[in-house]
Amino acid sequence: MRTTIKKSDFVLNPYMKSNDFLATWQILNTVVPYVLLWFLAVKAVAISVWFLPPIIVLMTLFSIRCFSLMHDCGHYSLFSSKKVNRCVGFLLGILNAIPQYPWSRDHAFHHKTNGNWEEYRGVADFISTEEFSKLNSSDQRFYELLRHPLMAFPGGFFYLALQPRLVLIMGIYDFVAELFTCLKNNPSMGLSEIVSAHKSKHWQTATEFWDLLFNNICVISSIIILSNLLGAVFFLSIYLSVLTFAAVIFIWVFFVQHIFEDSYAHNTEGWDYLRGAIEGSSYLELPTILKWFTANIGYHNIHHLSERIPNYNLEACHHKNIHLLKDVKTLRMGDMLACSKFILWDGGTSRLVSIESFRQVAQSSALDPNMVS
């Protein structure tokens, strides 16, 4: 990237304005079809179960769009009102079975540290080449297995269907354990005092806890009610399939937005936010229909330049600043699988590398001690 480029060189402000009419229309043209597809599935299964696969595909795509719009709400960019973004984001979080506010807080950390690989290790908690070299052979194979592309399926299921429930259970368990410990050591200690003193490792603030709690209440209640209305086997088979497939797709989209050959992967010292946005975020060129279902998140470099730009302005902003984006990595769907091999961070060279290339360098270094990697 040219060192003369500054953030002020980009035209961003005109595109940061939210349009409540467009945002409302996006919610309607996403949520309404998603709900109608459930009605269609109920009618279709009465005729033949073979009508369900294409309906599940469509439901998955609309679920992805729900998640993408929830993502915009988390940046307070979809609507002009912060309160409306919070309310709509919470409702979209119910549809995707994920607590919107805690997710958005974690995602905000990613934006603040993008390209700083000492602070943020990507979508799958990658380790450095130095850390990898200290693992024994079985642990190295296990690390590689956990980050195999196919692991996105069990990982996606766990991420949406199980993790938010487990986080709440573990957090409540920790609090109850601390409650009994405090009462045992100091019986005069009041409940409000214990609550205010409690520091959970599962959520950072009380707002995160309440969002997590109410999301779980709504999701679990909806599952119970709809299982009774539609039949547990029918509802859960479709619901969990849609959640899993949607999670797999947006995990992979997020993956290739930052994990690719020559991605900016710097140490904390000397890290540059602008380079992280331009060189550490890709432009994922998708077919028009998939741009719509992903709410233009493929323009990820622009999104990282300013997360306050709503999805409906990203494409225009991209074209307006195209002359400054020569160093942005352009990826297409056919390139996605090739990105999956870059699962190690080389802090010495500030690069993402594959395990194969790391072993080749290590082997060459062992044969030639004077070799500098």
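The values are calculated or read from the model by the stated rules, or taken from the named source; none is laboratory data. The shown structure was predicted, so the numbers you read here are calculated from the model rather than taken from an experiment. Reconstructed Cβ throughout: ideal geometry from the backbone, glycine too, with neighbour counts over all protein chains shown. Note: areas computed on protein heavy atoms with side chains; ligands, DNA, RNA excluded. Shrake-Rupley method; radii C 1.70, N 1.55, O 1.52, S 1.80 Å.
What pairs can you find where one residue is in segment 181-208 and free of Cβ contacts under 8 Å to residues at least 40 places away in the same chain, the other is not in a helix (DSSP H, G or I), and their Cβ atoms are less than 7 Å apart, with a gap of 6+ or different chains?
Taking only residues 6 or more apart or on different chains, the pairs are CYS182/MET189; LEU183/MET189.
I need every pair where a residue in segment 212-230 that is under 17 Å from VAL88 (Cα atoms) and open to solvent by 40 Å² or more (accessible area, probe 1.4 Å) has its Cβ under 8 Å from the Cβ of a residue that is assigned to a helix (DSSP H, G or I) and charged (D, E, K, R), sequence separation at least 6 or different chains.
none
List pairs: first residue in segment 127-146 and touching a residue at least 60 places away in the same chain (Cβ under 8 Å), second residue exposed (fewer than 12 other Cβ atoms within 10 Å of the Cβ) and among the aliphatic types (A, V, I, L, M) anywhere in the structure, Cβ distance under 8 angstrom, at least six positions apart or on different chains.
Partner pairs satisfying both residue conditions: none exist.
Take the residues in segment 85-115 that are among the aromatic types (Phe, Trp, Tyr) and surrounded by fewer than 22 Cβ atoms within 10 Å (Cβ to Cβ), then tell me which one is modelled with the highest pLDDT.
Filtering segment 85-115 for residues that are among the aromatic types (Phe, Trp, Tyr) and surrounded by fewer than 22 Cβ atoms within 10 Å (Cβ to Cβ), the one modelled with the highest pLDDT comes out as PHE90.
Could you tell me whether segment 116-134 includes any residue that is open to solvent by less than 70 Å² (accessible area, probe 1.4 Å), of a type in the set (Lys, Arg) and under 14 Å from LEU344 (Cβ atoms)?
Within segment 116-134 (the criterion being open to solvent by less than 70 Å² (accessible area, probe 1.4 Å), of a type in the set (Lys, Arg) and under 14 Å from LEU344 (Cβ atoms)), the answer is yes, since at least one residue qualifies.
Given the conditions (1) more than 23 Å from the chain's Cα centre (by Cα); (2) of a type in the set (S, T, N, Q); (3) in a helix (DSSP H, G or I), report the number of the one that THR4 does not fulfil.
It is condition (3) that THR4 fails.
For the subset of segment 12-34 comprising residues that are surrounded by 12 or more Cβ atoms within 10 Å (Cβ to Cβ) and among the aliphatic types (A, V, I, L, M), which member is farthest from LYS83 (Cα to Cα)?
LEU12
Look at ILE259 and say whether it is closer than 30 Å to TYR34 by Cα and of a type in the set (Val, Ile, Thr).
The answer is no for ILE259.
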